[in-house]
Ligand code: SF4
């Protein structure tokens with residue numbers, strides 16, 4: 001028995017781009033470096049926060065078994081994901097489900113949306129009686145506040161992005177996975193449906209006890225749903241801790257930047273900070289060869305930050321941080 005549902009243990013992923021041989025060789029891109037975290041075996045939502053290119057999607061692909069780590073291990077219920085996929089794929093697919101940024105690809109445009117739900121019930125729960133399946137679907141939709149008569153019988157293009165996304169949560173309610181990977185699930189839906197979707201996600205945690213890794217670039221939605229926040233910067237875990245603590249009192253300069261941009265009352269000012277993040281990110285894509293990955297943007301960078309990379313250290317309570325500002329200090 002393990003006390004964690006999911007465990008990343010010193011996971012690195014290095015891609016080789018170009019695949020050149022001989023004189024020129026291939027380029028190494030470090031997508032993740034020595035990432036360690038776990039999701040406990042109890043209901044909860046952990047938010048994985050970072051800008052695009054920070055390694056969030058690489059983490060999602062590792063959990064889904066679509067990618068293998070270059071080093072380190074990814075365990076689900078104490079067993080490597082690779083082993084689950086090779087030996088017990090059906091159970092793994094039932095227990096670990098994903099909601100993608102744009103679920104349109106899940107639906108076949110030539111079939112009504114209902115088909116996805118019926119097929120999942122048939123394949124994963126072996127429900128072959130269509131009457132039983134219909135009543136399960138209607139109950140699940142009502143539980144999440146959807147009106148079956150407005151959704152069932154429609155084609156994917158006849159629903160809004162938010163409705164298609166909420167149907168993915170209906171699917172989760174039907175299949176009852178242990179772990180849900182929600183990869184930027186609200187970034188493409190209207191603000192009005194965003195709050196409803198997040199409420200539904202909290203319903204799944206509270207009603208069926210799922211654990212969720214909520215992957216986002218947006219600290220505002222993370223703040224709304226997350227029990228724990230993990231901050232990723234250029235493939236490194238730079239801060240982790242209880243959600244409210246990380247957001248109320250961010251330690252890492254990168255987390256502070258994310259929180260400052262979230263707290264600006266004027267959305268235009270937020271947008272301009274967002275824009276400056278993107279501009280500077282282009283600069284920082286000339287990634288430091290060594291030292292702290294955030295040092296090109298850090299107002300506190302010191303000599304040591306150029307020389308070697310800070311390790312993730314305990315920073316009191318549930319907090320961990322990778323920054324020389326906290327080395328040797330009791331926080
Ligand atoms: Fe800034 Fe140095 Fe901390 Fe990196 S290690 S965040 S450069 S102070």
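Bear in mind that the values in this text are calculations on the coordinates, not laboratory data. All values reported here derive from a predicted model rather than from experimental measurement. Using ideal geometry, Cβ is built from the backbone for each residue, glycine included, and neighbour counts are taken over all protein chains shown.
Listed values, structure above:
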{"read-out": "For the chain, built as a Gaussian network whose Cα springs stay under 10 Å, the top-fluctuating residue of 183, 218, 114", "value": "114"}
{"read-out": "Stokes-Einstein translational diffusion, the stretch 86-132 - Kirkwood Rh over all Cα pairs, 0.890 mPa s, 25 °C, in µm²/s", "value": "200 µm²/s"}
{"read-out": "Rounded Å value of the spacing that divides the Cα centres of the stretch 166-197 and the stretch 113-135", "value": "19 Å"}
{"read-out": "The stretch 4-249: relative contact order in percent, alpha carbon pairs under 8 Å with at least 6 residues between", "value": "28 percent"}
{"read-out": "Mean shadow area of the stretch 4-249, taken as a quarter of the surface of its Cα convex hull (nm²)", "value": "14.9 nm²"}
{"read-out": "Ratio Rg/Rh [Cα only; Rh per Kirkwood] for the stretch 186-225", "value": "0.95"}
{"read-out": "Residue exposure sequence - 8, 15 - by fewest surrounding Cβ within 10 Å", "value": "15, 8"}
{"read-out": "Helical contribution to [θ] at 222 nm, DSSP H n ≥ 4, -39,500 (n - 2.57), averaged over the chain, rounded to 500", "value": "-12000 deg cm²/dmol"}
{"read-out": "Residue order, fewest to most beta carbons within 10 Å, for 51, 95", "value": "51, 95"}
{"read-out": "Footprinting exposure proxy for 303, 33, 142 (fewest neighbouring C-beta atoms within 10 Å first)", "value": "303, 142, 33"}
